[in-house]
Amino acid sequence: MNDTIISTENLTKRFASKGKTPDVEAVRELSIEVRRGELVAFLGPNGAGKTTSLRMLTTLVPPTSGTARVVGHDIITEQPAVRAAIGYVGQGTSGSPAQRVRDELVSQGRFYGMSRTAAAERAEELVASLDITGFADQQVQNLSGGQKRRVDIAIGLMNSPTMLFLDEPSTGLDPQSRANLWRHILDLRTQHGTTVFLTTHYLEEADRYAERVMVMDSGQVIADDTARALKTELAGDAVTIRVASEERSRAGAVVGQVLQTEVTVSDDGTLTSAVPDGARLLPLALGRLAAEGLAVEAATCVPPTLDDVFLALTGRTLREAHVETDLATAAQGGTR
Ligand SMILES: Nc1ncnc2c1ncn2[C@@H]1O[C@H](COP(=O)(O)OP(=O)(O)OP(=O)(O)O)[C@@H](O)[C@H]1O
Ligand SMILES: [Mg+2]
C-alpha cells in the first residue's frame, strides 16, 4: 500500500511585486513527503512561508512552479478531488458572520456534499465534543475569539477528512480550550487515522504532540525530524556551572575536557556549554572539578527547546526572527 499522503516536488510560490518592492519568494522549492497518519507541525517565524505552503496544498493558491499530490490527487489538475478529501482551518477564518453556529456547520457540510441529515448529525457531534453547546445558537459574529476558533475547527472537521490542515489552530485559545483542542486532534488520529498537518507558534505544543517537526525559514524547510532528534542533534543540554574558585580558565579547561566541547567562561565565574547528554556528563564534570580542588557554587543542566534548535540552525532565536519581520514590515509601511 502506498503510504504517502502528501508529496511535493520543488513547490514554489512567488508573489509579484507591488510598486518598488521586489518579488516575494514565499516558498522556495519545497520538496517534502508526509506519510498517512502522521502528525506534522510546521514551525517558523512570521513570514517564513507556512501559510502559503498550506494554501498551496489545499488548492487555495496556485504554485508558481513545482508540483504536489495530496491524498493521491494533483493539487493543480485535480482540485475538486483534493478538496473533497481534506479539511482546512485557515489562520483567522470564520464562517458567515450572520449565521447561527449550528446552521453554519450544516451549510459547510452541505458544501462538502453531505446530505442535510448527515450534516446535522455531524454538526451535533462536533458541537458536543468541542464544547460549543453553550453558544451553538448564537450568530458567528457575536462570538469571542476563542469561541470562533472552536467553530473554525468544527468547520474543518465536518466532512471527517482523511487529511486535516490547521493553520495556527490554538492561537487565541485559553489553556483549557487548547488542551481540549489537542485532545480532539489526538483522538482523530487514534480513532480515524487522520493525518494532521498544522502550524503553530507554540513550540512546546509541537514538541509534545507532533511526531515530526518541520522548521521553515525564509521559504525553505531547514530541518525535518522528530522533536527529540532535532533537539539532541542540533541543540544539546545547556550546562551551566558557577565556580567559586578564582582559577576560572583552569576550571573551564577541566570542564571542556569532560564534556568534550567548547566551554564559555564569563567574568563572574560562570561556565556555559551546550552538549548532548549533559545530564549524564554534568556529575562527571563536577567530580573532576572537586578532584582538581576547584570549588563550585552552583550547577544546572537544562534540556534544549525547539527554540534552541532554531537558534542552532539560523543563529537567531524565533523571537528575534519575529522582531526582524516586524521591523521589515514596518519599514515597508505595511501591516501584517
Ligand atoms: N497574497 C500575498 N501577496 C503578496 N505577498 C504575500 C501574500 N501572502 C503572503 N505573502 C508574503 O509571503 C511571505 C510568506 O507569508 P506566509 O503568510 O506564508 O508566512 P507564515 O509563515 O504563515 O507567517 P505567520 O507566522 O505570520 O503566519 C511573507 O513575506 C508574506 O508577506
Ligand atoms: Mg501564517
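How compact and how long is region 171-278, expressed as Rg and Dmax of its alpha-carbon atoms in Å?
Calculated on Cα positions, Rg and Dmax stand at 20.1, 62 Å.
Could you work out Rg/(2.2 N^0.38 Å) for region 1-138, with Rg from alpha carbons only?
Region 1-138 yields a ratio of 1.25.
Are there any GluC sites (Glu not before Pro) in region 243-285 that are in a DSSP loop and have at most 13 other Cβ atoms within 10 Å? List them by number.
Listed in order of number, the matching sites are 246, 262.
Rounded to the nearest 20 debye, what is the charge dipole size of the chain about its Cα centre when +1 sits on each Lys and Arg Cβ and -1 on each Asp and Glu Cβ?
Roughly 960 debye for the chain.
Sorted from fewest to most neighbouring beta carbons within 10 Å, what does the list 168, 104 look like?
Going from least to most buried by this count: 168, 104.
Starting from the Kirkwood radius over alpha-carbon pairs of region 23-94, derive D by Stokes-Einstein at 4 °C in a medium of 1.567 mPa s and give it in µm² s⁻¹.
This corresponds to a translational diffusion coefficient of 98 µm²/s.
Taking the 0 to 90 degree range and rounding to the nearest ten, how far is the long axis of helix 145-157 tilted relative to the main principal axis of the chain, both from C-alpha atoms?
Value to nearest ten degrees: 70.
Normalised by the number of residues in region 237-303, what is the relative contact order in percent for Cα pairs under 8 Å and 6+ residues apart?
After rounding, I find 51 percent.
I need the shape label for region 237-303. Rule: rounded when a/c is under 1.5, else prolate if a/b > b/c, else oblate, with a, b, c from the alpha carbon gyration tensor.
The shape class here is prolate.
Are there trypsin sites (Lys or Arg not before Pro) in region 25-121 that DSSP puts in a loop and that have at most 16 other Cβ atoms within 10 Å, and which ones?
Counting only loop positions with at most 16 other Cβ atoms within 10 Å, the trypsin sites (Lys or Arg not before Pro) in region 25-121 are 36.
Only Lys, Arg, Asp and Glu count, each charged at its Cβ (+1, +1, -1, -1), so figure out the dipole size of region 1-150 about its Cα centre, rounded to 20 debye.
460
List the extent of the Cα atoms of region 4-231 along each of their three principal axes, largest first, rounded to whole Å.
In descending order, the Cα extents are 46, 37, 37 Å.
For helix 318-331, what angle does its Cα long axis make with the longest principal axis of the chain, in degrees from 0 to 90 and rounded to 10?
Result, in degrees: 60.
Count neighbours as other Cβ atoms within 10 Å of each site's Cβ, and list the trypsin sites (Lys or Arg not before Pro) in region 265-317 that are DSSP loop with at most 16 such neighbours.
316
Which stretch or stretches of region 35-67 have amide N atoms under 13 Å from the point lying 7 Å from residue 4's Cα along the Cα→Cβ direction?
35-36, 67
Return the percentage of antiparallel bridges among DSSP beta bridges fully within region 4-231, rounded to the nearest 5 %.
55
Would you mind computing the Rg to Rh ratio of region 215-266 from its alpha-carbon coordinates, Kirkwood style for Rh?
Using only Cα positions, Rg/Rh for region 215-266 is 1.19.
No lab work stands behind these numbers, since they all come straight from the coordinates. This one's a predicted model, so the numbers in the text were calculated from it and none came from an experiment. Cβ atoms come from the backbone with ideal geometry, glycine included; neighbour counts cover every protein chain shown.
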